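Asks: Quick one: this structure, given as structure tokens, is what I'll be asking you about.
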Amino acid sequence: MGAGGRVSVPHVYKKSEADPLKRVPYSKPPFALSQIKKAIPPHCFQRSVLRSFSYVIYDLSIAFLFYYVATNYFHHLPQPLSFFAWPLYWVVQGCILTGVWVIAHECGHHAFSDYQLLDDIVGLILHSGLLVPYFSWKYSHRRHHSNTGSLERDEVFVPKQKSGIQWYSKYLNNPPGRLLTLTVTFTLGWPLYLAFNVSGRPYNRFACHYDPYGPIYSDRERFQIFISDAGVLAGLYGLYRLALAKGLAWVLCVYGGPLLVVNGFLVLITFLQHTHPSLPHYDSSEWDWLRGALATVDRDYGILNKVFHNITDTHVAHHLFSTMPHYHAMEATKAIKPILGEYYQFDGTPVYKAVWREAKECIYVEADEGEQSKGVFWYNNKF
């Protein structure tokens, strides 16, 4: 799948990592996608069924271990300790299951194996277990990758222009308002996106990931949306049977808490990948695929980078080559940095600080006054 060898490219200046807020270039890059690909070792594009499954087995084994400890030992703890034990379980189990979510995400990109059917079976099972409509998300997410950075056609965290923001936004642009907005976003953002396309691109009618006949999908995709819905319903039925057998409180503690953490991390990761003061967005007069794919940012989540299979700190490479398996993405990222130069964006700001800063600074987008490139939009927060 990959091409070998190194390639000479026009000299580009390396962007200072000490200044992550400096705007990335928005002009057409002095390199092509083929040049970036040639800089990556060929084996990085090779997918291994055994290696991919090893991550599934490892993640599920760790998840089962946490489940076993919680359900067999927590009830023996003195009362005050159990109040701390369960929230701790929710967080660590949620982190592990986020890794499982990422593997299913790889299946949706055909990055799990060389066999599309196998990828879809594994992805459907893993995502249905997390109440995610696999094929529904797969197709909308594919369109996100095809239109990243486009104000008209991108599918997720599409920023509004100043004229399109709600009247109450200026009243939320303060610490209590930001805290409320972030709380709602990280708790309800994922189900609201799936059910009502909140933060997605506008359609001319109601858009829902569970609707096979909605505007998100083409005719050839509709049958698989039914399969996705059946997978989610099967997951819900399994939870219903567990609630009858074990009780609703048991299901909420063992499954519901970690699922909230998974959903929160999913929204957090996606938000920080595509929301940054240095990143441009483009309208149809300026947008092209390569510049859009480069309008993303790698972040540092510390030890969670590995737990999340490096979806956090190799996102730029992922947008350029989405069928590359995650276990080669770090090597590929290192290889493409010299080629991308100032077009590569990394921000090592601690996540909690970055979330607050982006929520404060990135309210809407607008073009710079006096600029010839009126189709290039930057984040702003001035009302």
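The values are calculated or read from the model by the stated rules, or taken from the named source; none is laboratory data. Predicted, not measured: the structure shown is a model, and the values here were computed from it. Backbone-built Cβ (ideal geometry, glycine too); neighbour counts: all protein chains shown. Accessible surface is based on the protein model in full, side chains and every heavy atom, while ligands, DNA and RNA are left aside. Shrake-Rupley method; radii C 1.70, N 1.55, O 1.52, S 1.80 Å.
Asks: Suppose every K and R has +1 on its Cβ and every D and E has -1 on its Cβ; what is the size of the dipole of region 214-311 about the Cα centre, in Debye to the nearest 20? Provide the component values of the computation, followed by the final result.
Replies: Working: 7 positive and 8 negative charges, 116 e Å.
Taking the Cα centre of region 214-311 as origin, the dipole is about 560 debye.
Asks: Tell me the angle of helix 222-246 to the major Cα principal axis of the chain, expressed in degrees between 0 and 90 and rounded to the nearest ten.
Replies: Approximately 40 degrees, to the nearest 10.
Asks: Suppose every K and R has +1 on its Cβ and every D and E has -1 on its Cβ; what is the size of the dipole of the chain about the Cα centre, in Debye to the nearest 20?
Replies: Working: 34 positive and 29 negative charges, 46 e Å.
That gives the chain a dipole magnitude of about 220 debye.
Asks: Follow-up question, since we're still on this one. How large is the accessible surface per residue of region 126-242, computed with a 1.4 Å probe and reported in Å² as a whole number?
Replies: Details: 5940 Å² over 117 residues.
Solvent-accessible surface per residue comes out at 51 Å².
Asks: How many angstrom separate the Cα center of region 252-276 from the Cα center of region 299-322?
Replies: 15 Å
Asks: Along the charge dipole of the chain, Cβ charges K/R +1 and D/E -1, which of Gly375, Pro25, Tyr55 sits furthest on the positive end?
Replies: Sorting the options by dipole projection puts first Pro25.
Asks: Of the listed pairs Lys22/Lys337; Lys306/Lys360; Lys28/Lys360; Lys138/Lys360; Lys160/Lys337; Lys38/Lys138, which have alpha-carbon separations greater than 22 Å here? Don't jump to the answer; show the numbers that get you there.
Replies: On the way: Lys22/Lys337 17 Å; Lys306/Lys360 29 Å; Lys28/Lys360 29 Å; Lys138/Lys360 31 Å; Lys160/Lys337 30 Å; Lys38/Lys138 28 Å.
Lys306/Lys360; Lys28/Lys360; Lys138/Lys360; Lys160/Lys337; Lys38/Lys138, as the Cα separations exceed 22 Å there.
Asks: Label Arg220 and Ser285 with points 7 Å out from Cα along Cα→Cβ: what is the distance between them in nm?
Replies: So the label points at Arg220 and Ser285 sit 3.5 nm apart.
Asks: In Å², what does the accessible area per residue of region 42-114 work out to with a 1.4 Å probe? Write down the numbers at each step before the final one.
Replies: Working: 3770 Å² over 73 residues.
Ligands and nucleic acids excluded, the result is 52 Å² per residue.
Asks: log10 I(q)/I(0), Debye, Cα-only the chain, no solvent, q = 0.09, 0.10 Å⁻¹?
Replies: Debye curve over Cα of the chain, log10 I(q)/I(0) at q = 0.09, 0.10 Å⁻¹: -0.55, -0.68.
Asks: Magnitude of the Cβ-charge dipole of region 257-383, K/R +1 and D/E -1, about the Cα centre, nearest 20 debye?
Replies: On the way: 10 positive and 15 negative charges, 98 e Å.
Around 460 debye, computed over region 257-383.
Asks: Right, next: Enter the angle in degrees (range 0 to 90, nearest 10) between the Cα long axis of helix 175-196 and the first principal axis of the Cα atoms of the chain, meaning the one along which they spread out most.
Replies: It is inclined by approximately 80 degrees.
Asks: Still on this structure, please answer the following. From largest accessible area down, sort Val69, Val262; use a 1.4 Å probe on the protein chains.
Replies: Working: Val69 55, Val262 0 Å².
So, going from the largest accessible area down, we get Val69, Val262.
Asks: Something else now. Heads up, I need the accessible area for Glu361: 1.4 angstrom probe, whole protein in place, Å², nearest 10.
Replies: Using a 1.4 Å probe on the heavy atoms, I get roughly 70 Å².
Asks: Taking a 1.4 Å probe, which of Phe64, Phe31 shows the most accessible area, and what order do the others take after it? Spell out each step's value before the answer.
Replies: Working: Phe64 120, Phe31 10 Å².
So the residues, ranked largest to smallest area, are Phe64, Phe31.
Asks: Lys and Arg at +1, Asp and Glu at -1: add these up for the other residues within a Cβ distance under 14 Å of His127 and post the number. Don't skip to the end; give the middle numbers.
Replies: Values: positive: Lys138; negative: Asp59, Glu106, Asp119, Asp120, Asp229.
Local charge sum for His127: -4.
Asks: May I ask for the angle, rounded to the nearest 10°, between helix 49-73 and the longest principal axis of the chain, with both axes built from Cα atoms and the value confined to 0 to 90°?
Replies: Helix 49-73 sits at roughly 40 degrees to that axis.
Asks: How about region 136-235: which trypsin sites (Lys or Arg not before Pro) there lie in a loop by DSSP and see at most 14 other Cβ atoms within 10 Å?
Replies: On the way: sites: Lys138, Arg142, Arg143, Arg153, Lys160, Lys162, Lys170, Arg178, Arg205, Arg220, Arg222; in loops: Arg153, Lys160, Arg205.
Qualifying residues, ordered by number: Arg205.
Asks: Now for a different question. First compute the accessible area of the chain with a 1.4 Å probe, then give the percent of it belonging to carbon and sulfur atoms. Please report the intermediate quantities before stating the final value.
Replies: Numbers: 11760 of 18260 Å².
Ligands and nucleic acids excluded, carbon and sulfur reach 64 percent.
Asks: Still on this structure, please answer the following. On alpha-carbon atoms, Rg over Rh for region 104-158 using Kirkwood Rh?
Replies: Value, to two decimals: 1.04.
Asks: For region 279-383, run through the trypsin sites (Lys or Arg not before Pro) and keep only the ones in DSSP coil with at most 11 other Cβ atoms within 10 Å of their Cβ.
Replies: Values: sites: Arg291, Arg299, Lys306, Lys334, Lys353, Arg357, Lys360, Lys374, Lys382; in loops: Lys374, Lys382.
Those that pass, being in a loop and sparsely packed, are Lys382.
Asks: May I ask you to rank Ile216, Ile363, Ile311 by accessible area, largest first, using a 1.4 Å probe over the protein chains only?
Replies: Largest accessible area first, the residues go Ile363, Ile311, Ile216.
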